[in-house]
1. Kyte-Doolittle cut-off -1.0, length cut-off 24 Å along the helix's own axis using Cα: show which whole DSSP H helices in the chain pass.
2. In deg cm²/dmol and to the nearest 500, what is the mean residue ellipticity at 222 nm of the chain if only DSSP H runs of at least 4 residues count, each as -39500 (n - 2.57), divided by the residue total?
3. So in the range 2-386, what percent of DSSP beta bridges are antiparallel if you round to the nearest 5?
4. As a test of reading the structure, rank LEU14, LEU266 by solvent-accessible area (1.4 Å probe, protein chains only), most first.
5. Taking Cα pairs under 8 Å and at least six residues apart, what relative contact order does the range 2-386 come out at, in percent?
6. Given a 1.4 angstrom probe, I'd like the percentage of the accessible area of the range 103-256 that is carbon and sulfur, rounded to a whole number.
7. How large a share of the accessible area of the range 275-387, in percent, is made up of carbon and sulfur atoms when the probe is 1.4 Å and the other protein chains stay in place?
8. Let's see if you can work this out: charge +1 on each Lys and Arg Cβ, -1 on each Asp and Glu Cβ, no other charges. What is the dipole magnitude of the range 2-386 about its Cα centre, in debye to the nearest 20?
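The values are calculated or read from the model by the stated rules, or taken from the named source; none is laboratory data. Note that the coordinates shown come from a computational prediction; the quantities given were computed from them, not determined experimentally. Methodologically, a virtual Cβ is constructed for each residue, glycine included, from the backbone with ideal geometry; neighbour enumeration extends over all protein chains shown. For accessibility, only protein heavy atoms count, side chains too; no ligands or nucleic acids. Shrake-Rupley method; radii C 1.70, N 1.55, O 1.52, S 1.80 Å.
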Amino acid sequence: MRYITAGESHGPQLTAIIEGIPSNLPFSFDEINKQLHRRQKGHGRGRRMQIEKDTVQVVSGVRHGYTTGAPVTLVVENNDWTHWQKIMSATPVPEEDEARRRVSRPRPGHADLNGAIKYHQRDMRNILERSSARETTMRVAVGAVARQLLSQFGIRVAGHVKQIGQVVAQERELSLDELMQITEDSPVRCIDPDAEKKMMELIDRAKEEGDSLGGIVEVIVEGVPIGLGSHVQWDRKLDARLAQAIMSIQAFKGVEIGIGFEAAGLPGSQVHDEIEWTEGKGYSRKTNRAGGLEGSMTTGMPIVVRGVMKPIPTLYKPLMSVDIDTKEPFAATIERSDSCAVPAASVVAEAVIAWEIARAMCEKFPSDALDDMVANVEEYRAYTERF
């Protein structure tokens, strides 16, 4: 499977084309819209989320509620486009027209300057419109399609916020159902009520000061069979692909699987997971410090991936920059933004991980039609239990 996205933050629409979804997969528009709505929630979101009411349109690859095997095209319209038609016009506008809204002052921490130099653009709006995190709308939509495929095999994905700024949530022993319920009711998608309150207070203070906050999110995947991914080539290693997926999200600067960086300070006896075998269940691990992956392949234990999101670099108390025309120092350009998008980023992280697991499932059990894939997975799971 593969997909590409297209569209600008203030353009008419965002688009994704997905190739490789098996035919006859029951397709739910409501499930995609539910995930899009989850992305727009969260304490610390900006006014843009009040403008956009993201709703998916499917223009190919689905007929009468089922996938056909053809490429699936998803579209989400930008409601804010009505205010940006001249600024983002595909047709030429007069050079002196103020509606061009040219950007000549790059924002620190963004793609503005590097992208402008790379693509020979004197107007950095041509960079920031595409590099915007608005693009994650379509990745959440794509991830929602992947979730629908994974649900056919009992595979579920959930995420939560572990940290915002210096506030760290306490660990809790929860089932995936409990985690999902608590995080859906939390404005910051946190499972720790005390930390939740402190996170919200911290976000409010950052907003008042014109600043922004980052944090850490965690994604958990349950029900994955043993043996997705491969050890035989670098580009087939599933842990590497999951890491790349997390790092591809705008503003993410770090990733770990299982206990991750903590393993550097521990002896091997406290890092590796002992193996056990149970009648009717097969192989499992007594612990899950590896985060569900050993030798770049799934172990059958829950996959646990965490990502670090830096504070959003668009600040209402802007940092200093340089005007590319005059080379004089100026305060950076301000584009509408959030004070904290970590809760929303948790939903995006779920989506990109869901996609990679779905892709790995289709590689392990390649089938043009869903019923063939289901039969192959059932047979393989029976084999792993008696191995």
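1. Details: long enough: 342-364 (33 Å, 0.90); 370-386 (25 Å, -0.92).
Those that pass (Cα extent of 24 Å or more, hydropathy at least -1.0) are 342-364, 370-386.
2. Working: 10 runs with 122 residues, N = 387.
Mean residue ellipticity at 222 nm (helix-derived): -10000 deg cm²/dmol.
3. Values: 50 of 52 bridges.
If I count the DSSP bridges inside the range 2-386, around 95 percent turn out antiparallel.
4. On the way: LEU14 0, LEU266 55 Å².
Ranked from most to least accessible, the order is LEU266, LEU14.
5. On the way: 773 pairs, mean separation 86.7, N = 385.
For the range 2-386, the relative contact order is 23 percent.
6. On the way: 3410 of 6970 Å².
Percent of accessible area from carbon and sulfur atoms in the range 103-256: 49.
7. Details: 2910 of 5210 Å².
Carbon and sulfur: 56 percent of the exposed surface of the range 275-387.
8. 720 debye
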